[in-house]
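Below: one structure, written as structure tokens.
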Amino acid sequence: MRATHDFLSEDDIQFFRPLVRDNYLPALEVLVAEEHGTPLGFIGLDGQKVEMLFVGASQHGKGIGKALIEHVGRLRGPLEVDVNEQNPGGVAFYLKCGFKQIGRSDLDGQGKPFPLLHLSQAS
């Protein structure tokens, strides 16, 4: 998270850490990309919505995130995702994967001032 969400303060990261670990991850279907038993990244889904996608910083640019998106897209059909507007790399990644912006929120799901772009692969 620190590698891609540089707009978050350490206090923000500590706020989100237990929520992600204890509430968000257990509620999602999680698929892991691995090589020789070593995790490289993962995607967390709620139906057709990508709730989280993380690839290890050392693995960025190697097609792992794209492969995860393509794999779940084949399983689920057109996907949706909310991405932090302050994460230009994430926004560019999803646009490159065929997502289009369908909306925007000024606040994140916790009511914090981290604007979200709502993206969808559906036409």
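The values are calculated or read from the model by the stated rules, or taken from the named source; none is laboratory data. Source: prediction; values computed, not measured. Note that each Cβ is placed from the backbone with ideal geometry, even for glycine, and that neighbours are counted across all protein chains shown. Note: areas computed on protein heavy atoms with side chains; ligands, DNA, RNA excluded. Shrake-Rupley method; radii C 1.70, N 1.55, O 1.52, S 1.80 Å.
Results, tabulated for the structure shown:
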| quantity | calculated |
| --- | --- |
| Listed values [x] 13.3, 40; [y] 14.0, 41; [z] 16.1, 52, entry calculated as Rg and Dmax of the Cα atoms in Å | [y] |
| Residue among 42, 93, 15 with the largest mean-square fluctuation in a Gaussian network model of the chain, springs linking Cα atoms under 10 Å | 15 |
| Peptides ranked, highest mean first, by Cβ atoms within 10 Å: ranges 34-41, 23-30 | 23-30, 34-41 |
| Extension gain, residue 60 back to residue 75 (0.36 nm per residue minus Cα-Cα distance, nm) | 3.0 nm |
| Percent accessible area from carbon and sulfur atoms, the chain, protein chains only, probe 1.4 Å | 52 percent |
| Local electrostatic count at residue 44 - Lys and Arg +1, Asp and Glu -1, tallied over other residues with Cβ under 11 Å | -2 |
| Local net charge near residue 106, Cβ-Cβ under 12 Å (Lys/Arg +1, Asp/Glu -1) | 0 |
| Gaussian network model of the chain, Cα within-10 Å springs - most flexible of 31, 75, 45 | 75 |
| Most mobile of 106, 82, 22 in a GNM of the chain (Cα contacts under 10 Å) | 22 |
| Taking the chain and dividing mean pair separation by its residue count, relative contact order in percent (alpha carbons under 8 Å, at least six apart) | 19 percent |
| Sum of -39500 (n - 2.57) over DSSP H runs of 4+, divided by residues of the chain (222 nm, nearest 500) | -8000 deg cm²/dmol |
| Value of relative contact order over the range 37-86, rounded to a whole percent, pairs C-alpha under 8 Å and six or more apart | 37 percent |
